[in-house]
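Below: the structure, in structure tokens.
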Amino acid sequence: MKLGDTTLETLVDSQDIIHSLTHEEIGDDHLYTGLETPMKPDAFAHSDEEKKELIALLFAQIMDVMGLDLNDDSLRGTPQRVAKMYIDEIFSGLNPKNKPKVALFDNKYRYNQMLVEKNITFYSNCEHHFVPIVGKAHVAYISSGRVIGLSKLNRIVQFYAKRPQVQERLTNQIGVELQTLLDTEDVAVIIDAKHLCVSSRGIQDDTSATVTSFYGGAFNDPLKLAELQQYIAD
Ligand SMILES: [Zn+2]
């Protein structure tokens, strides 16, 4: 395959390579396999209540295998607490029914410059280790005639963060969602985050952070990009 050849072919190749590796060979490398969160076709066959019951049973088994005494007063409720937290809170973004309802408005002010919502704090979880990713997202768009409530930008970030994630996918999911909602290519997303799987275990690097970006349409213009970066830097 020539360099710069079809990206689809490259993608298929990289998928083949990923599938041929064992999880020991992949190790701590965080591979990114696509825009969509990999879900089973029957992902919502169980109700939330059924899922919580099942997760509580299974989590109790994990604790039991580790030798923890589930009769202890402090530990007894942990399986139910974890199950509720998974479904109702930290992984609630897996379920499309929890997607924020977004109302769009006409751009009455005729504001046609970029709008930047910066320093949106989010908590996510790494899908390879199920430990937290903590960071800030900066999102920007240039209205094509429609505008969105500022708090909705925040809610869209939180929705996609509440999934087992890799940072590259989180960044792209937010970017593509905003492009679709706002009917414009002119969307940018920058995420700066710490991964606890890097700081609290593994290589135990407490100072590194990961920065990812999504630049659509006008944000590929160096001048627009410089303007955005200046707003975020302050
Ligand atoms: Zn990880």
Within segment 124-163, take every residue that is within 16 Å of the ligand (Cβ to nearest atom) and in contact with a Pro (Cβ under 6 Å, 6 or more places away or on another chain) and give me the one that is most open to solvent (accessible area, probe 1.4 Å). GLU127
The residue from VAL166, VAL189 that alone is crowded, with 19+ Cβ neighbours inside 10 Å and within 16 Å of the ligand (Cβ to nearest atom) is VAL166
Can you go through LYS136, LYS162 and tell me which one is among the basic types (Lys, Arg) and touching a Lys or Arg at 6+ places or on another chain (Cβ under 9 Å)? LYS136
Index of the failed condition, PHE219 passing every other in (1) free of Cβ contacts under 8 Å to residues at least 60 places away in the same chain; (2) aromatic (Phe, Trp, Tyr); (3) part of a helix (DSSP H, G or I): (1)
Among the listed residues LEU115, LEU178, which satisfies the condition of being modelled with pLDDT of 95 or more and within 30 Å of ASP42 (Cβ to Cβ)? LEU178
Are there strands (runs of 3 or more DSSP E) fully within segment 72-152 with at least 3 residues that are of a type in the set (Ser, Thr, Tyr)? List them. 114-126
Being out of contact with any Lys or Arg (no Cβ under 9 Å at 6 or more places or on another chain), of a type outside the set (A, V, I, L, M, F, W, C), more than 17 Å from ALA218 (Cα to Cα) and at pLDDT 95 or above is true for just one of GLU127, GLU168. Which residue is that? GLU168
Is there a residue in segment 204-213 that is open to solvent by 70 Å² or more (accessible area, probe 1.4 Å), under 24 Å from GLN158 (Cβ atoms) and modelled with pLDDT of 95 or more? yes
Tally, over segment 162-185, of residues that are assigned to a helix (DSSP H, G or I) and more than 15 Å from SER213 (Cα to Cα): 3
Considering only residues that are of a type in the set (A, V, I, L, M, F, W, C) and touching a residue at least 40 places away in the same chain (Cβ under 8 Å), which ones fall in segment 95-121? VAL102, ALA103, LEU104, PHE105, MET114, VAL116
Any pair with Cβ under 8 angstrom, 6 or more apart, that starts in segment 176-204 at a residue that is within 28 Å of TYR231 (Cβ to Cβ) and ends at one that is part of a strand (DSSP E or B) and of a type in the set (D, E, K, R): LEU182/ARG146; ASP183/ARG146; ILE191/LYS136; ASP192/LYS136; ALA193/LYS136
Cβ pairs under 9 Å, 6+ apart, first in segment 80-94 and more than 18 Å from ALA43 (Cβ to Cβ), second hydroxyl-bearing (Ser, Thr, Tyr): none
Output the residues belonging to segment 195-210 that are within 12 Å of PHE130 (Cβ to Cβ) and assigned to a loop (DSSP other than H, G, I, E, B). ARG201
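The values are calculated or read from the model by the stated rules, or taken from the named source; none is laboratory data. Everything numeric here is computed off the predicted structure, so don't read it as measured data. Here the Cβ is made from the backbone with ideal geometry for all residues, glycine too, and neighbour counts use every protein chain on show. When the accessible area is computed, the model is the full protein with side chains, heavy atoms only, and any ligands, DNA or RNA have been set aside. Shrake-Rupley method; radii C 1.70, N 1.55, O 1.52, S 1.80 Å.
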